[in-house]
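Take a look at the structure set out below.
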There are 4 protein chains.
Amino acid sequence: MSAVDRRKQILRAAARSFALFGYKATTMDQVAKIANVGKGTIYTFFSNKEDLFDEILYKVILEMKMLAESRIDRNSTFFENLFSVLDALLEFRDEHELFIKLSQEVRDVGTLKAKEGLATLERVILDYLEREIAMALERKEICSCDPQVAAFVMFKLYIALASDFKYVREPLSQVEIHHYIRMFLADGLANPNARPVNIPN
Amino acid sequence: MSAVDRRKQILRAAARSFALFGYKATTMDQVAKIANVGKGTIYTFFSNKEDLFDEILYKVILEMKMLAESRIDRNSTFFENLFSVLDALLEFRDEHELFIKLSQEVRDVGTLKAKEGLATLERVILDYLEREIAMALERKEICSCDPQVAAFVMFKLYIALASDFKYVREPLSQVEIHHYIRMFLADGLANPNARPVNIPN
Amino acid sequence: MSAVDRRKQILRAAARSFALFGYKATTMDQVAKIANVGKGTIYTFFSNKEDLFDEILYKVILEMKMLAESRIDRNSTFFENLFSVLDALLEFRDEHELFIKLSQEVRDVGTLKAKEGLATLERVILDYLEREIAMALERKEICSCDPQVAAFVMFKLYIALASDFKYVREPLSQVEIHHYIRMFLADGLANPNARPVNIPN
Amino acid sequence: MSAVDRRKQILRAAARSFALFGYKATTMDQVAKIANVGKGTIYTFFSNKEDLFDEILYKVILEMKMLAESRIDRNSTFFENLFSVLDALLEFRDEHELFIKLSQEVRDVGTLKAKEGLATLERVILDYLEREIAMALERKEICSCDPQVAAFVMFKLYIALASDFKYVREPLSQVEIHHYIRMFLADGLANPNARPVNIPN
DNA sequence: GATGAATGAGGTTTCATTCAT
DNA sequence: TATGAATGAAACCTCATTCAT
């Protein structure tokens, strides 16, 4: 196997383990076993556990950024863009979701550097959302609110439905997630005009 | 200092540390230092780390149960009751918030017993919410949706606003939280009739 | 209760626990509980665990010395004296046995001082036996052998029958012990003249 | 050094320390230091202290069983067989002696499993001896006695001479041990026909 | 003087990291 | 270069000893 393949395999294994068990509970032995490489091999590519973590973080940030930018169309409405990006995210859900969990476990990551890394990603996402929301406000597409709070709620709502939910009930399909985000974010629960959720299955 | 005070001090310190750093990352040395007691002292009150954790968990479950039951009025509407309980929870925010974080870190808690404890609490809350939502649906107070999803979203929305938010921005006041939950849950962002948030300060 | 009574109670409790569980496995909490006094009380009489141990040791040494001396009659034969002392020891078996165990656990006693204490007692007993055996040899009462080895075997044989045996089978009565010591020590297993053991029960 | 060598070194060090200081008083630090390995290295071969102890126990049980079976000859007399096994045991004295001590410290071993392990070994040895003694009784090779008591005394006598003795005096040679066991067990101290001990040295 | 809650040194065990092969 | 055995810092927990009541 090539060195590049090995590296990717380690990254994939680590991402999977970090997501499943968190930063502290992920042991290098576990990563090595999942990646099917020797433990020492990890250290030929990454100088330590934190570095490995950071690289995964950085990759996800980059992917998300590119993905979002490729979907935004300045001629579309806020909600059209939001749902377009949302659908793109959901297509790679398995991959990103692995990460999404980590943002909730910031507190477990011992080192300052890793903490900052996670904060960075969250900040990148929130900043982007805030700008979009601010623009939507100016165009009166959404009702008056603090863009910071709105962005944060969107972010958490997405994570809750796309990832957290399956830990307590059967996981939601892409269509269901899409629908519920529209229901809670756009229309409101008390809105009598809200369309009922149509679950295809 | 009296024994009861010491016990409380340890509980407070542990709750604080569990909430800040998670279960695994909380060391008994740390708890001892925060509580300003010797490490051994903790073990005179709690037989081990898990016991300490369980006691905090149990106390929170009890408090929340009592609090919710005291606020529900069967003659009031769903949203009236929801906001009444919400306000009660927010009054003790500092105390409960400590716990709320833990529910996000279930996966990091090593022992089965602790895991089950956390799952229990979340399940208690969700079950309660689902029943209330199902009743509201029958009375047509809210629009058609899966009560399980709606309950889950409410739960996560509360945690996001009351607790998570302050890790990225200035914390929200009780009034703001109240208002945003109404906005996202009841009225919807796209609703032109939604009242703007009035921050007293 | 008087201070002297308290002191005795602690000594008795400690002797019991040392004998049952050994030096290391005996905790001061345990001694306090058995003695029905506060843990701190022990430290008003004994400066530390080792001191408590030493005192018990010293007391037993004294008792045994006095007991042996009171039974020895220079006009009697070696075996008559041996069995006389033996019977005296067996009368206080419960009390002494508590100690006897300790001589086997010398290796568990962490501190040099305690180790030396135990060695002292064993040495006192062995020296006494050696002198008696040497005298018996001169009088041709017993067959040619190294008094050091003979003394040691006598000592161990006594402990084995009077104390160790009950950990694997039903404990032996005083009469049985007496008889078996005679059989193994004086007559020999292969001796056809040896009288069979008459167990009264 | 090879892994197998390291493993053996740890076993040897642990056996030595268990024998010298007992189970509780043997620290993993001590074993590591004696074995000249890092503390963690022990845990690459044995999952915990008890496992390390059990392995030593099991090995000794096996060795003793095989050794005894290889020496027993049904056409020989009881004492011939006894001394044959005895000599075989004495050849590996250093190795077995390490264990023998442990049988005296059963009471200090905290865990049930270890306790049972030690009891098992003692029981195996005693059962074997009892059967042999019962057969000897039927053939009138030895005088009337309880086989349980006789077996126990033989066991303790062997331990006393082969192991315990050197803690109070110069250790006995193989020939001396052989001779004294014959003297005390077969002939009796008071037997005028007993041959004097011939120490070759 | 008696007490037992409080303490921290020292025990077992885990795991990120190193390094000889 | 890839490996995994070896390592020791740091975690949890016990218990002899102290000291405020």
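What the table shows:
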quantity: Enumeration of residues in segment C:44-72 that are within 15 Å of DNA strand E (Cβ to nearest atom) and either surrounded by 15 or more Cβ atoms within 10 Å (Cβ to Cβ) or within 18 Å of the chain's Cα centre (by Cα) (or both); calculated: C:Phe45, C:Phe46, C:Lys49, C:Glu50, C:Leu52
quantity: Residue tally, condition surrounded by 19 or more Cβ atoms within 10 Å (Cβ to Cβ), in a loop (DSSP other than H, G, I, E, B) and small (Gly, Ala, Ser), over segment C:33-43; calculated: 0
quantity: Enumeration of residues in segment B:166-176 that are of a type in the set (Val, Ile, Thr) and more than 8 Å from chain A (Cβ to nearest Cβ); calculated: B:Val175
quantity: Scope segment B:132-171; condition outside any helix (DSSP H, G or I) and of a type in the set (Asp, Glu); matching residues; calculated: B:Glu141, B:Asp146, B:Glu170
quantity: Meets criteria (more than 8 Å from DNA strand E (Cβ to nearest atom), charged (D, E, K, R), under 23 Å from the mean Cα position of the chain (by Cα) and in a helix (DSSP H, G or I)) for D:Arg6; calculated: no
quantity: Options A:Asp73, A:Asp87, A:Asp54; residue that is part of a loop (DSSP other than H, G, I, E, B) and assigned by TED's automatic domain parsing to the domain that holds A:Ala160; calculated: A:Asp73
quantity: Close pairs from segment C:127-151: first within 12 Å of chain D (Cβ to nearest Cβ), partner among the charged types (D, E, K, R) and surrounded by fewer than 18 Cβ atoms within 10 Å (Cβ to Cβ), Cβ under 6 Å, at least 6 apart; calculated: C:Gln148/D:Arg169
quantity: Subset of segment B:55-80 (residues that are under 20 Å from B:Leu126 (Cα atoms) and either within 14 Å of chain A (Cβ to nearest Cβ) or within 16 Å of DNA strand F (Cβ to nearest atom) (or both)); calculated: B:Ile56, B:Leu57, B:Thr77, B:Phe78, B:Phe79, B:Glu80
quantity: Boolean, A:Val197 is in a helix (DSSP H, G or I) and either at the interface with another protein chain (Cβ under 7 Å from one of its Cβ atoms) or modelled with pLDDT under 80 (or both); calculated: no
quantity: Residue list for segment D:1-32, filter: charged (D, E, K, R), within 12 Å of DNA strand F (Cβ to nearest atom) and away from chain C (no Cβ under 12 Å); calculated: D:Asp5, D:Arg6, D:Arg7, D:Lys8, D:Asp29
quantity: Matching residues, segment D:134-153, being in contact with a Phe, Trp or Tyr (Cβ under 6 Å, 6 or more places away or on another chain) and at pLDDT 90 or above; calculated: D:Val149, D:Phe152, D:Val153
quantity: The lone exception for A:Lys156 - which of (1) modelled with pLDDT of 85 or more; (2) surrounded by fewer than 19 Cβ atoms within 10 Å (Cβ to Cβ) it fails; calculated: (2)
quantity: Condition broken by C:Ser163, with the remaining ones in (1) closer than 27 Å to C:Ile56 by Cα; (2) more than 8 Å from every other protein chain (Cβ to nearest Cβ); (3) modelled with pLDDT of 80 or more satisfied; calculated: (3)
quantity: Checklist (1) within 16 Å of DNA strand F (Cβ to nearest atom); (2) surrounded by 14 or more Cβ atoms within 10 Å (Cβ to Cβ); (3) modelled with pLDDT of 85 or more applied to D:Arg107, failing item; calculated: (3)
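The values are calculated or read from the model by the stated rules, or taken from the named source; none is laboratory data. As the structure is a prediction and not an experimental result, all values here were calculated from the model. Glycine gets a Cβ as well: all are built from the backbone with ideal geometry, and neighbour counts include every protein chain shown.
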